[in-house]
1. Which condition breaks for Leu124 when tested against (1) assigned to a loop (DSSP other than H, G, I, E, B); (2) touching an Asp or Glu at 6+ places or on another chain (Cβ under 7 Å)?
2. Any residue in region 110-136 that's farther than 14 Å from Ala158 by Cα and in contact (Cβ under 8 Å) with a residue 40 or more places away in the chain: show its pairings with residues that are basic (Lys, Arg) and within 15 Å of the ligand (Cβ to nearest atom) at Cβ separation under 9 Å, as long as the two are six or more apart or on different chains.
3. What strands (runs of 3 or more DSSP E) lie completely within region 162-237 and have 1 or more residues being surrounded by 15 or more Cβ atoms within 10 Å (Cβ to Cβ) and out of contact with any Asp or Glu (no Cβ under 8 Å at 6 or more places or on another chain)?
4. Hey, any hits in region 55-64 for a residue that's farther than 30 Å from Arg220 by Cα and free of Cβ contacts under 8 Å to residues at least 60 places away in the same chain?
5. So which residues in region 161-187 are out of contact with any strand residue (DSSP E or B) (no Cβ under 7 Å at 6 or more places or on another chain) and either without any contact (Cβ under 8 Å) to a residue 12 or more places away in the chain or of a type outside the set (Asp, Glu) (or both)?
6. Failed condition for Ala90, given (1) in contact with a strand residue (DSSP E or B) (Cβ under 8 Å, 6 or more places away or on another chain); (2) surrounded by fewer than 21 Cβ atoms within 10 Å (Cβ to Cβ); (3) small (Gly, Ala, Ser), with all others met?
7. Would you check if there is a residue in region 129-147 being within 14 Å of the ligand (Cβ to nearest atom) and of a type in the set (S, T, N, Q)?
Amino acid sequence: MALLCPIVTHGGTMGHDEPVAFGGGNRGEVVPDWEHPDTVAFFREREADVRLTEIVDSGAVRPPTSVLDVGCAAGRNAVYLAERGFPGVAVDASAAMVAATRERLAAYAADAPWRVLHRGMTELGDLADASFGLVLALGVLQNAPDDATFALALDHLARLACPGARVLIQNFGPDSLPHGEPLRRVPGSAHVWSGFDQVDASRGYTLPDPDALDALVTERGMELVAPTRVVWKEMKGGRRTTIIGDYRKRSP
Ligand SMILES: C[S@@+](CC[C@H](N)C(=O)[O-])C[C@H]1O[C@@H](n2cnc3c(N)ncnc32)[C@H](O)[C@@H]1O
C-alpha cells in the first residue's frame, strides 16, 4: 500500500534534488555520466540523505551496526555514517565515485572501517549472508537494464540484510515524465521502461511502481516499516517521480 505525497520537496528529502543538467561539460541529461568530474563533484557536495539521518537520529540503528551502501556515489551517506561510528561496505560501479568515496572515508578508518568496492550491484556474491544491519540502495536499483538484473540485485540485498535490518530503497517511478513525454514500457518486461536517457533513449531502466516495488521486496523476506512514499518533482520540461521504501528484514 503506497502513501502518495503529491508535493514538491526540497532540502534533500528526495535525495535527488539535482538540476536536470549538471552543466560544465556533463552531457546535460537526466541520467548523468557517473564518471564525469562534475557529476562526482555534485554528489560529493550533497548532504546525507534526510531519511537516513532521521533513522540514525531516532536511534533505530546504532553503531557499530554494519552498513551496506549500494550505489554510494561520492560517499555522502557513507561519510555521514562513518562520522558517527558506523562501519560498512560501499559499492559503486563508477571508478570515479569509488575513488572519491575511498578518499573521504580514509579519515575514519581507525574507528569506522569501510571497504569501498568498485563493482556492480549484482556482484555482491562474496559478501557474507546476514552481515548488515542497515542496507541503503538509493537511486541505484533503477539502473538495472532488465527485470532479471533488478531481481538479482534485490536478492543480494535481502540475503545480506540480517534479521531486523533496516533497508532503504529509492527508485524513480514509471510515471516520470523526464522530458515531458511518458516513458515507454519495454515489450516483454514487467518493469523496464525506456525514454529516461536522452543520450540513449532506448536504454531501459527498471522502474516498478510502488505496489510492485513493495511486492518485490516483501516476497524476499522484508516488511514495510512505513507506507512507501511517492514524491513528484517538477523538472524543466517534465516531472520525475521518486518512490521511497523503508523496509525491515523479517526475523525467521
Ligand atoms: C543517483 S546516484 C546514487 C546516489 C547515492 N546513493 C546517494 O544517495 O547520494 C547513482 C549511483 O549509482 C551508481 N551506479 C549506477 N549503476 C550502477 C550499478 N549497476 N551498480 C552499482 N552502482 C551503480 C552510479 O555510479 C552512481 O554513483
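1. (2)
2. Val116/Arg102
3. Details: elements: 192-194, 204-206, 222-235.
Correct list: 192-194, 222-235.
4. Looking only at region 55-64, we keep the residues that are farther than 30 Å from Arg220 by Cα, and these are none.
No, every residue in region 55-64 fails to be farther than 30 Å from Arg220 by Cα and free of Cβ contacts under 8 Å to residues at least 60 places away in the same chain.
5. Initially, region 161-187 is screened for residues out of contact with any strand residue (DSSP E or B) (no Cβ under 7 Å at 6 or more places or on another chain), giving 181-182, 187.
Pro182, Pro187, listed by residue number.
6. Every condition holds for Ala90 apart from (2).
7. From region 129-147, those within 14 Å of the ligand (Cβ to nearest atom) are 134-146; that's our starting set.
Next cut, of a type in the set (S, T, N, Q) only: 142-143.
Yes.
Here, each number is a calculation from the coordinates, and none is a lab measurement. These numbers were taken from a predicted model, which means no experiment stands behind them. Cβ sites come from the backbone with ideal geometry, for glycine too, and all protein chains shown count toward neighbours.
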